[in-house]
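The values are calculated or read from the model by the stated rules, or taken from the named source; none is laboratory data. Just so we're clear, the structure is a prediction, and the values are computed from it rather than from any experiment. Using ideal geometry, Cβ is built from the backbone for each residue, glycine included, and neighbour counts are taken over all protein chains shown.
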Amino acid sequence: MLQTIRNAWKIADLRKKLLFTFAILLLYRLGNVIPVPFVNTETMTQVFEDPSVSNSILGLFNMMSGSAFSRATLFALSIQPYINASIIIQLLTIAIPSLERLSKEGGEEGKKKIEKITRYATVALGLLTGWAYWMMLKNYNIEWGGSLLVDTGFVPALTVILSFTAGSSLVMWLGEQITDRGIGNGISMILFANIVSRLPQMVISMADGLINRTASYWYVALIAVISMIALIVFIVFITNSERRIPVSYAKRVVGRKVYGGQNTFLPIKVNMSGVLPIIFAQSVASLPATIAMFAGKATNDNPWYKYAWSNTSVVYLVFYFVLIIAFSYFYATIQYNPVEVSNNLRKNGGFIPGYRPGRPTSDFIARVINKVTLFGAIFLGVVAILPLLLGMINSDFASMAIGGTSVIIVVAVALETVQAIEAQMMMRHYKGFLE
């Protein structure tokens, strides 16, 4: 990765893209420390120091926002409204025929209209989530004797809600700028920056635990470090793995030249959807806990929350695992159309050995995609669930339970970014060669 970035830095155009991306991420991190008015950030930090809060779904939100959620800053909602809006619009695109035609037949103009609708949905969800955050603040304000909020009137409430909504809209715009003018993967890069920004705090916390806690913590910390290294290696291996379907092209004579006759393959990535199924599954699986949290019911005294909605409950783990598999198939369906692939092979004189062109070829490709997607989905589910299970077995793994998914996101985004940079370097290499 470092070698790829070093080579890209030597190209003037890519250097500008890298600098632009770093500048946007710097602006985003600055926005993460700007507190909204009427909130006592010191008390808010103390609220999140409580293990019952930090190890709950609130800790997950805090991790995804780069600790902005626990400080009630301008970007406290981070990219969650945009992610949820994207899920809703993509599901509606399948359910509503007019949106489906717009996405498939509208071309570039249709794509822009879908993006515009997603932006409006993001603002609407930002308002709704900002109001829910305000209700959470009011609930904790009562528990902490009124020391969390300076004022609970209408004007402070409106100011806080609009500040959170504006912050989520600005984060969406920053992500789009990275995608359009930076190195790409804007939303993923923001997630990457959020998670990496928490690494120094995690290292300091582990070092403090090693110094001040019992000898058993050394054993737990050693297992955590070894497991994390093995997890990273496993994620890299699966992410780069692919199923190659052999393809042969028949010879064609055009004039005096002979075309085709070579053998190649059709690559199908094992983890073709990347980290998106996990991000979307987290957003959906956390909805019941979010509603309970904003209603003031997210406590262990509430049996529904403790045994069904909490991220340490068996029901949540099963629901989370099933959602990861469902979203993996959803994205595989969007990315690969076996009928379209089969038709393209037939038009170009290609065929899969042992299968006739047309329906038999498309059915074979569909079977292969389903099998590969199932393996990749189970891989994502196991990697996401395993740290949570360890956290349930031993409380010392609680921080790892929240950080397990973050490892997947960091590794996947790093690999995708390297691939995007290498693709742009290759394009510029060929362009210079042809010129």
Q: Answer yes or no: is there a residue in region 56-77 that is touching a strand residue (DSSP E or B) at 6+ places or on another chain (Cβ under 6 Å), over 17 Å from Ile279 (Cβ atoms) and either among the aliphatic types (A, V, I, L, M) or at pLDDT 85 or above (or both).
A: yes
Q: Any residue in region 259-270 that's part of a loop (DSSP other than H, G, I, E, B) and at pLDDT below 80: show its pairings with residues that are among the aromatic types (Phe, Trp, Tyr) and surrounded by 14 or more Cβ atoms within 10 Å (Cβ to Cβ) at Cβ separation under 8 Å, as long as the two are six or more apart or on different chains.
A: Gly260/Tyr249; Gly261/Tyr249; Gln262/Tyr249
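Restricting to region 58-90, what's the tally of residues that are assigned to a helix (DSSP H, G or I) and among the aliphatic types (A, V, I, L, M)?
If we filter region 58-90 for residues that are assigned to a helix (DSSP H, G or I), which is where we start, we get 58-64, 68-71, 80-90.
Going one step further and asking which of them are among the aliphatic types (A, V, I, L, M), we end up with 58, 60, 63-64, 68, 83, 85, 87-89.
The total comes to 10.
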Q) Out of the residues in region 271-308 that are over 27 Å from Phe48 (Cβ atoms) and part of a helix (DSSP H, G or I), which is modelled with the highest pLDDT? A) Pro277
Q: Collect the residues in region 131-167 that are part of a loop (DSSP other than H, G, I, E, B), within 16 Å of Thr45 (Cα to Cα) and of a type in the set (S, T, N, Q), keeping them in residue-number order.
A: Ser147
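Rundown of residues vs (1) closer than 26 Å to Val407 by Cα; (2) within 18 Å of the chain's Cα centre (by Cα); (3) surrounded by 14 or more Cβ atoms within 10 Å (Cβ to Cβ); (4) modelled with pLDDT of 80 or more, yes/no style:
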{"site": "Trp144", "(1), (2), (3), (4)": "no, no, yes, yes"}
{"site": "Ile161", "(1), (2), (3), (4)": "no, no, yes, yes"}
{"site": "Ser168", "(1), (2), (3), (4)": "yes, yes, yes, yes"}
{"site": "Glu176", "(1), (2), (3), (4)": "yes, yes, yes, yes"}
{"site": "Met202", "(1), (2), (3), (4)": "yes, no, yes, no"}
{"site": "Asp208", "(1), (2), (3), (4)": "yes, no, no, no"}
{"site": "Arg213", "(1), (2), (3), (4)": "yes, no, no, no"}
{"site": "Leu222", "(1), (2), (3), (4)": "yes, no, no, no"}
Q: Please work out which residue is surrounded by the fewest Cβ atoms within 10 Å (Cβ to Cβ), limiting yourself to region 359-416 and to residues that are modelled with pLDDT under 75 and more than 23 Å from the chain's Cα centre (by Cα).
A: Ile393
(Q) Please go through region 94-123 and give me each residue that is in contact (Cβ under 8 Å) with a residue 24 or more places away in the chain and under 30 Å from Pro37 (Cβ atoms), ordered by number. (A) Thr118, Arg119, Ala121, Thr122, Val123
